[in-house]
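Here the structure comes first, spelled out in structure tokens, and everything after it is commentary.
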Amino acid sequence: MSVKQPLHVTAIAAFADNYLWLIHDQHYAVVVDPGDAAPVLALLASKKLELLAILLTHHHADHAGGVPALLKHAKVPVYGPAGEKIPGITHQLAENDVVSLPLLDLNLSVIDVPGHTAGHIAYVDTQRQNLFCGDTLFAGGCGRLFEGTPAQMTVSLAKLAALPDDTKVYCAHEYTVSNLLFAVAAEPGNVTLAQRLKHEQARRALGEATVPSTIGLEKATNPFLRYRETGIVKQLQDSGKLQTSDPVATFAALREWKNSFRPAP
């Protein structure tokens, strides 16, 4: 296997807690989920980068809202999910498609990950082991089920969990500490999780980003990848949130609990 040229992945902060991702070398760039064009254009200008393409994971405005303004700046291809109607998309993608960007020596494999939205997709650079998963998998959590079902989301998350453990997880929001506070409530006996919470709280106190994570760390600490674990099932059953041990029902109960969870002061 040939060694790929190094690429940088730069986080662009937007709105209250979004991360837009710029993949670039010293000359060219692609942007993932540009909900806001202004900070993307500012970074392109400051680094003197030429935009080659726009990649979208799903239709929500905080991920796709900046596309029209970016296209006024550069007439570039827009890649996005075939299962969602997003204005401006030029290339509709589904599982096993590959986005090839030769000027960046970049090939991104597409994975269908419905759940948060009906047509959500993720992009994987398998040779550099980078995952851009939008709002499907978060550091310590997963996206709300706005359009999909618990059964769909369990399948989607299983696809991502099957990636190599050192795959870096570039999710789209800084939700990590709040996610981990819930994770500790769901699995209080997980020592690795407790250590991670302290570490990420310290990073946020310093103003540092907690993303990217890795697939291996998520498998060890993220309750939405660990919903089959006995300790999590027991927490749900003991609190009256679950009356069965069915895995999909367990996942659904866990997600419902997270929707209303408020950490103790």
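The values are calculated or read from the model by the stated rules, or taken from the named source; none is laboratory data. It should be emphasised that the depicted structure is a prediction, and the values quoted were computed from it without experimental measurement. We place every Cβ from the backbone using ideal geometry, glycine too, and count neighbours over all the protein chains shown. Calculation scope for accessible area: heavy atoms of the full protein, side chains included, ligands and nucleic acids excluded. Shrake-Rupley method; radii C 1.70, N 1.55, O 1.52, S 1.80 Å.
Can you name every one of the helices (runs of 4 or more DSSP H) wholly within segment 187-265 that holds 1 or more residues which are out of contact with any helix residue (DSSP H, G or I) (no Cβ under 9 Å at 6 or more places or on another chain) and closer than 15 Å to L137 by Cα? Full working, then the answer.
Working: elements: 191-205, 215-221, 230-238, 247-260.
Answer list for segment 187-265: 215-221.
Return the total of residues in segment 41-58 being under 20 Å from P81 (Cβ atoms) and open to solvent by less than 10 Å² (accessible area, probe 1.4 Å). Spell out the reasoning first.
Step one: filter segment 41-58 for residues under 20 Å from P81 (Cβ atoms), giving 52-58.
From what is left, the residues that are open to solvent by less than 10 Å² (accessible area, probe 1.4 Å) are 53-58.
Here the count works out to 6.
Looking at the structure I just gave you, is D135 among the charged types (D, E, K, R) and surrounded by fewer than 22 Cβ atoms within 10 Å (Cβ to Cβ)? Let's see the steps before the verdict.
Values: among the charged types (D, E, K, R): yes; surrounded by fewer than 22 Cβ atoms within 10 Å (Cβ to Cβ): no.
So D135 does not fit the description; no.
Among A64, A38, which is open to solvent by 30 Å² or more (accessible area, probe 1.4 Å), of a type in the set (A, V, I, L, M), more than 25 Å from Q5 (Cβ to Cβ) and in contact (Cβ under 8 Å) with a residue 12 or more places away in the chain?
A38
List the number of the failed condition for K75; all other conditions in (1) open to solvent by 10 Å² or more (accessible area, probe 1.4 Å); (2) over 20 Å from D125 (Cβ atoms); (3) touching a residue at least 24 places away in the same chain (Cβ under 8 Å) hold.
Condition (3) is where K75 drops out.
Filter segment 39-82 for residues that are part of a loop (DSSP other than H, G, I, E, B) and either of a type in the set (S, T, N, Q) or within 20 Å of Q26 (Cβ to Cβ) (or both) and give the result.
Within segment 39-82, K48, L49, T57, A74, V76 meet the criteria.
Where in segment 84-157 are there strands (runs of 3 or more DSSP E), lying fully within it, with 1 or more residues that are under 11 Å from the mean Cα position of the chain (by Cα) and β-branched (V, I, T)?
On the way: elements: 91-93, 98-101, 106-112, 121-125, 130-134.
The qualifying strands (runs of 3 or more DSSP E) are 121-125.
For V98, all conditions in the list (1) closer than 24 Å to E218 by Cα; (2) at pLDDT 95 or above hold save one; what is the number of the exception?
So V98 meets the others, but not (1).
All but one of (1) surrounded by 22 or more Cβ atoms within 10 Å (Cβ to Cβ); (2) of a type outside the set (A, V, I, L, M, F, W, C); (3) closer than 27 Å to T210 by Cβ hold for G119; state the number of the condition that does not hold.
Every condition holds for G119 apart from (3).
Among the listed residues L193, L180, L160, which satisfies the condition of being open to solvent by less than 10 Å² (accessible area, probe 1.4 Å) and without any contact (Cβ under 8 Å) to a residue 40 or more places away in the chain? Even if it seems obvious, please write down each step before you answer.
Values: L180 fails: without any contact (Cβ under 8 Å) to a residue 40 or more places away in the chain; L160 fails: without any contact (Cβ under 8 Å) to a residue 40 or more places away in the chain.
After applying the criteria, what remains is L193.
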